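Some notes on the structure that comes next.
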């Protein structure tokens, strides 16, 4: 029986994927800083179209450009090239920084799936202002 071929991303596909991640990070951070593409381009001393190409994944910045982008956005280069795992770890750390949520998170593993569903439903209903009727 022949083995199924393994799907291996080509170096070009990996670079494209990394470019898309950088693109999203640049856009997200730029917007969080309330900067227009033009303002960011001015800080980097590049054309606005270069920022647009980066954000749309049409240009993958060089290491030098990443350093200039990071400086212009006021972040470290690592914030521009974070992978999904590091973003998730950062989000979890931010959630668990809240003492109430950290306490709830510690208790959840003790619940079976039915009770977790009930707790989730109650929290959702309270947060959305819906009331349950008996």
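Annotations for the structure displayed:
Okay, residues lined up against (1) in the same structural domain as residue 22 (by TED's automatic domain parsing); (2) modelled with pLDDT under 90:
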{"residue": "54", "(1), (2)": "yes, no"}
{"residue": "69", "(1), (2)": "yes, no"}
{"residue": "75", "(1), (2)": "yes, no"}
{"residue": "86", "(1), (2)": "no, yes"}
{"residue": "108", "(1), (2)": "no, no"}
{"residue": "115", "(1), (2)": "no, no"}
{"residue": "121", "(1), (2)": "no, no"}
{"residue": "125", "(1), (2)": "no, no"}
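- When segment 72-87 is filtered for residues that are under 15 Å from the mean Cα position of the chain (by Cα) and either assigned to a helix (DSSP H, G or I) or on the phi > 0 side of the Ramachandran plot (or both), the ones remaining, listed by number, are 77, 78, 79, 80, 84, 85, 86, 87.
- From the options 35, 69, residue that is in a loop (DSSP other than H, G, I, E, B) and either surrounded by 12 or more Cβ atoms within 10 Å (Cβ to Cβ) or under 21 Å from the mean Cα position of the chain (by Cα) (or both): 35
- Checking each residue of segment 88-111 against the condition of being exposed (fewer than 10 other Cβ atoms within 10 Å of the Cβ) and more than 28 Å from the chain's Cα centre (by Cα) gives at least one match.
- Residue check, residue 126 touching a helix residue (DSSP H, G or I) at 6+ places or on another chain (Cβ under 9 Å), assigned to a helix (DSSP H, G or I) and over 30 Å from residue 46 (Cα atoms): no
- Filter result for residue 93 (closer than 30 Å to residue 43 by Cβ, assigned to a helix (DSSP H, G or I) and either in contact with a helix residue (DSSP H, G or I) (Cβ under 8 Å, 6 or more places away or on another chain) or in contact (Cβ under 8 Å) with a residue 12 or more places away in the chain (or both)): no
The values are calculated or read from the model by the stated rules, or taken from the named source; none is laboratory data. Quick caveat, the model's predicted, so the values are computed rather than measured. Every residue, glycine among them, receives a Cβ derived from its backbone with ideal geometry; neighbour counts consider all protein chains shown.
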